[in-house]
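Q: Before anything else, here's the structure in question.
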Amino acid sequence: MAKEKTVYICSECGHREAKWAGRCVVCGAWNTFVEENIRTKMKFSSDEKKTAPVPLSRVCGEEKNRIDCGTEEFNRVLGGGLTADSSVLIGGRPGIGKSTLLLQTAASAKTESVLYVSGEESAAQIKARAVRLGLSEERITLLIENDLEAITAAVRSLKPQLVIIDSIQTVICREAGSIPGTVNQMKFSAYELISVCKEIGAALFLTAHVTKDGVIAGPKLLEHLVDTVLYFEDGNDDLRILRAEKNRFGAVDESGFFIMTAKGLLEVKNPSALFTVEREGAVPAGIARAMIMEGSRMLPVEIQALVTPAQSSLSRVFSDKIDGKRISRIAAVIEKQIGVKFSDRDLYINVAGGMRLNDPAADLAVAMALYSSRCDLPIPQSVIFAGELSLAGEIRPIRFADKRARSAAQAGYSLIILPPPGEKGGSWGQGAAAAADIGGCIRLIFSSDGQQK
């Protein structure tokens, strides 16, 4: 038996209300409630599956087999490969290359059978892409369908080792409404697909578009349902960055780097040169380099700052790769501790290569880039920084400082500025110097009369 039910669902977070409301009480968004008529099945206790409790000591805790995706960068982000019967959600803007990445994975993954389900493209379009990329098509079974019941029936019938759904926004379940892409449709369809794939032991890829704010379209519950959440971002030019935001089978801070070409996505095994600019002449003011940590890798990244007189009575911060509030905090610390005024200036911050920075160790490089631009004092290209800046202007300890120092030396930098070592009287070794605060760092790079040392 089934009955009709009308609910109002927030399109931003998925919160449900029995009546329409102007503002969501969960996420605070205005005018986001959408009316949906859904059919709910009546469940009886005799029909429900009953599971018995099991002592934890009797549960098998062996790690499941990993599936080689065919590229080292993709395997790295997943934590060593795709775990059997796991579910992975990949988000990214339309046209960034999600379908290309998954079609290449379908052709190169070390599996016996792959079911590729598309609700957006025709079979001819997918065939043309596979031919253009020169992919092997032997193990790929193609299904052009958006009906959930037809998809789950095909999965149960074929029993593939890998299932790819492109995309979850196009899947329709008749019992959840008639419009694809709604909050209720995505939640119900994702749950059913995950359940069916776990039932047959298949790994599952789901693709999803992102909103204008850069988050996966649909409810956050969709991210809670899956085992792994990946975001596919674009840097400058043809650079693509794959990041893990959630991973039950590996680290959540790993990144994979790819270049989009006419032959598809090519992995970048050594991305160190992607985020710096080599110059033959003098280095302009406002340039500083940070040794950041991306997953298990150390990467030198160039921070570019431009400080100009404010165009209005209020100073503004322009930065899309580093949080603007973080930039404002660093500028306020320099103004308070050093006396260099930023409150009447507009601040422009860029990261070479389009890398989005979250590592706190980039604070010191951002601070030095701002100071360099404000005072028109260039920083030598052979110097690199790594340190977190406190509100008191202190350079706080960071993770793996010794590894950053070794990586800087291997990359050819003659000096890396780090926080003081933990041991009293200790040092980081040759090619590294310690600074206790932002003032000490400035004195290490520049002499007292404002010139380079």
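The values are calculated or read from the model by the stated rules, or taken from the named source; none is laboratory data. Since the model is a prediction, treat every value here as computed from it, not as a measurement. Cβ: placed from backbone, ideal geometry, glycine included. Neighbour counts: every protein chain shown.
Q: Which one of the conditions (1) touching a residue at least 24 places away in the same chain (Cβ under 8 Å); (2) within 16 Å of the chain's Cα centre (by Cα) does LYS246 fail to meet, given that it meets all the rest?
A: (1)
Q: Testing ALA332 on (1) surrounded by fewer than 14 Cβ atoms within 10 Å (Cβ to Cβ); (2) assigned to a loop (DSSP other than H, G, I, E, B), one condition comes back false. Which one is that?
A: (2)
Q: May I ask you to list the residues in the range 73-87 that are part of a loop (DSSP other than H, G, I, E, B) and touching a residue at least 60 places away in the same chain (Cβ under 8 Å)?
A: GLY79, GLY80, ALA84, ASP85, SER86
Q: Restricting to the range 369-425, count the residues that are under 19 Å from GLY440 (Cα atoms) and among the aromatic types (Phe, Trp, Tyr).
A: 2
Q: Before we move on, is GLY70 touching a residue at least 40 places away in the same chain (Cβ under 8 Å), assigned to a loop (DSSP other than H, G, I, E, B) and at positive phi?
A: Yes.
Q: Something else about it: Go through the residues of the range 286-294 one by one and say whether even a single one is charged (D, E, K, R) and farther than 14 Å from ALA367 by Cα.
A: Among the residues of the range 286-294, at least one is charged (D, E, K, R) and farther than 14 Å from ALA367 by Cα, which makes the answer yes.
Q: Among the residues of the range 402-441, which ones are within 20 Å of LEU377 (Cα to Cα), touching a Lys or Arg at 6+ places or on another chain (Cβ under 8 Å) and either surrounded by fewer than 14 Cβ atoms within 10 Å (Cβ to Cβ) or of a type outside the set (A, V, I, L, M, F, W, C) (or both)?
A: TYR413
Q: Let me ask something additional. Which of the residues spanning the range 133-159 are touching a Lys or Arg at 6+ places or on another chain (Cβ under 9 Å) and in a loop (DSSP other than H, G, I, E, B)?
A: GLY134, LEU135, GLU137
Q: If you take just the strands (runs of 3 or more DSSP E) that sit entirely in the range 381-453, which of them hold at least 1 residues that are assigned by TED's automatic domain parsing to the domain that holds GLY295, under 17 Å from ASP363 (Cα atoms) and at pLDDT 95 or above?
A: Once the strands (runs of 3 or more DSSP E) in the range 381-453 are filtered for at least 1 residues that are assigned by TED's automatic domain parsing to the domain that holds GLY295, under 17 Å from ASP363 (Cα atoms) and at pLDDT 95 or above, what remains is 383-385, 415-418.
Q: Go through the range 57-67 and give me each residue that's β-branched (Val, Ile, Thr) and outside any loop (DSSP other than H, G, I, E, B).
A: Residue satisfying the conditions is ILE67 alone.
Q: Being in contact with a Gly (Cβ under 7 Å, 6 or more places away or on another chain) and outside any strand (DSSP E or B) narrows it down to one residue among LEU314, LEU265, LEU274, LEU306; which is it?
A: Within the list LEU314, LEU265, LEU274, LEU306, the selection yields LEU274.
Q: Is one or more of the residues making up the range 118-131 more than 17 Å from CYS197 (Cβ to Cβ), assigned to a helix (DSSP H, G or I), of a type in the set (S, T, N, Q) and within 24 Å of the chain's Cα centre (by Cα)?
A: For the range 118-131, residues more than 17 Å from CYS197 (Cβ to Cβ), assigned to a helix (DSSP H, G or I), of a type in the set (S, T, N, Q) and within 24 Å of the chain's Cα centre (by Cα): absent.
Q: Run down ILE90, ILE96 and say which single residue is in a strand (DSSP E or B) and not polar (S, T, N, Q).
A: Exactly one of ILE90, ILE96 is in a strand (DSSP E or B) and not polar (S, T, N, Q), namely ILE90.
Q: Within the range 164-182, identify whether any single residue is at pLDDT 95 or above and under 30 Å from MET260 (Cα atoms), and answer yes or no.
A: yes
Q: With respect to GLU192, determine if the residue is closer than 19 Å to SER99 by Cα and at pLDDT 90 or above.
A: Taking the combined requirement at face value, the residue does not satisfy it.
Q: Filter the range 160-205 for residues that are of a type in the set (A, V, I, L, M, F, W, C) and in a strand (DSSP E or B) and give the result.
A: Across the range 160-205, the qualifying residues are LEU162, VAL163, ILE164, ILE165, ILE172, ALA203, LEU204, PHE205.
Q: Tally the residues that are closer than 16 Å to GLU223 by Cβ and assigned to a loop (DSSP other than H, G, I, E, B), restricting the search to the range 10-27.
A: So the count comes out to 7.
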